[in-house]
Amino acid sequence: MTIEPSPGLKGAGAILTIDLGAVATNYRLLREKAAPAECAAVVKADAYGLGMAEVAPALWTAGARRFFVAHLEEAIRLREILAQASIGVLNGLMPGCEDEYRRRGLIPVLNHLGGIEQWREAARAAGTPLSAYVHLDTGMNRLGLGPKETDRLAGSPDLLEGIEVAAWMSHLVSAEEPEASVNEAQRQRFIDALARLPKAKASLANSSGIFLGPGFHFDIARPGCALYGINPAPYGRNPMATTVRLDGHILQVRSIDRPSTVGYGATRQVAKGAKIATIAVGYADGYQRRLSDVGRVWLGDHPAPVVGRVSMDLMTVDVTGLPDSVAHAGATAEIMGPRRTPDEVAEEAGTIGYEILTSLGRRYARRYVGGSPSAEMREP
Ligand SMILES: Cc1ncc(COP(=O)(O)O)c(C=O)c1O
């Protein structure tokens, strides 16, 4: 991805460029890998921080027809964006919200027998069958019918009266670790349950699950993170395209004229003759404080290590020896992008790329490139 910051965005502390073309490319790669299974798209948490209003239409244009979000509110928003899409709501059916689902054609993921009963009642009251996913817990112990509830459902399929099962689904615990024995254990539990339940489509694989091989694909794959460039197979080279780039504006460059320290807490010594650039990105923008003193940003082709504490609105980098042509007030530094991916930033911060993306700040000027004609460029 070669994206030059647009001159029109100079007033912002930082410019977040989101490459919708890369999202579409990632979708197509996952779809190919999952085929002949259908490839859905998980766009919860505002499309993992990238912006559902822009990302969902790009995925639709790339061929995605089945989407998943976590919350009802997200589903309502997505319905306004994509009138024709199939929309599943992972967190399930909140009591009293049945009408909302029905009116807007949203498909709840039923995570327990109580939810099944609620939806069955809603179907009865509506006098028409209603569609739902049914989530079977095969090892996560988080959401979904546990083994006893699954047994009960298998023994009394009439509990599903009026419910059209869009798919039986389950969720993998450790798909990014192909050696973990829990993957095969979950797959077997899922197969065993499917054999005892009424026939319908089945869905198990998240992004990493797609890379565990065809035995994990079933009928519908449900990738999220890989659409957005996170490595679904971290035991090897990342097959996904980078989708985000964050360019922070340099506010000041100062020369240190005597041995000193930089930033809060005086955590970092700097020698006489050092040069420090201050960039308008801080932890209030999602650039975590735990990234203090770690990693490096890029000024042109020059790396510049982060020095001192990250503060609320600012971070500081060491630009000693770098040419003024790149290290000057008004220039930008690549904080995240092809040369410092969200996965790398996550590793430096002791977290995962998901958290880095979903924490992307609201103060950034967002710029969408490579999109479908319907996606708008949103400039400040
Ligand atoms: C039930 C379910 N399916 C699919 C996904 C997508 O997973 P990933 O982002 O790892 O591809 C998630 C994400 O958390 C999920 O909770």
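The values are calculated or read from the model by the stated rules, or taken from the named source; none is laboratory data. Predicted model only: the values in this text are computed from it and were never measured. Backbone-built Cβ (ideal geometry, glycine too); neighbour counts: all protein chains shown. Side chains are part of the model used for accessible areas, which takes the heavy atoms of the whole protein and leaves out ligands, DNA and RNA. Shrake-Rupley method; radii C 1.70, N 1.55, O 1.52, S 1.80 Å.
Tabulated values for the structure
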read-out	value
Extension gain from E344 to T128, taking 0.36 nm per residue of separation minus the Cα-Cα distance	72.8 nm
Charge dipole magnitude, Cβ of K and R +1, D and E -1 - segment 21-228, Cα centre, debye nearest 20	360
Dimensionless Rg ratio for segment 244-340, taking C-alpha atoms and the 2.2 N^0.38 Å reference	0.97
Residues with amide H under 5 Å from that of Y368, placed H, sequence gap 5 or more	I18, R378
Burial ranking of peptide ranges 153-159, 326-332, 72-78 (average Cβ count within 10 Å, highest at the top)	72-78, 326-332, 153-159
Nearest 10 degrees, 0 to 90: helix 181-196 Cα axis against the chain principal axis	30
Overall dimensions of segment 147-305 as given by Cα atoms, namely Rg and Dmax in Å	25.4, 80
Descending semi-axes in Å of segment 120-167, equivalent ellipsoid built from Cα gyration tensor	22, 12, 8
Residue-averaged 222 nm ellipticity for the chain, from DSSP H runs of 4+ at -39500 (n - 2.57), nearest 500	-8000 deg cm²/dmol
Where labels lie 7 Å past Cα in the beta-carbon direction, separation of E164 and R258 in nm	7.9
Heavy-atom surface of the chain, accessible at 1.4 Å and reported per residue (Å²)	44
Cβ-derived FRET efficiency at R0 41 Å, E117 paired with R289, nearest 0.05	0.35
Segment 79-163: trypsin sites (Lys or Arg not before Pro) in DSSP loop, at most 16 other beta carbons within 10 Å	R142
Distance cut-off 38 Å, percentage of C-alpha pairs in the chain lying past it	28
Range of Cα positions in segment 258-314 per principal axis (Å), largest first	32, 30, 16
Segment 21-228: C-alpha pair distances exceeding 31 Å, %	15
Rounded tilt (10° steps) of 20-34 against the dominant C-alpha axis of the chain	40
Accessible surface of the chain, 1.4 Å probe, proportion on carbon and sulfur as whole %	50
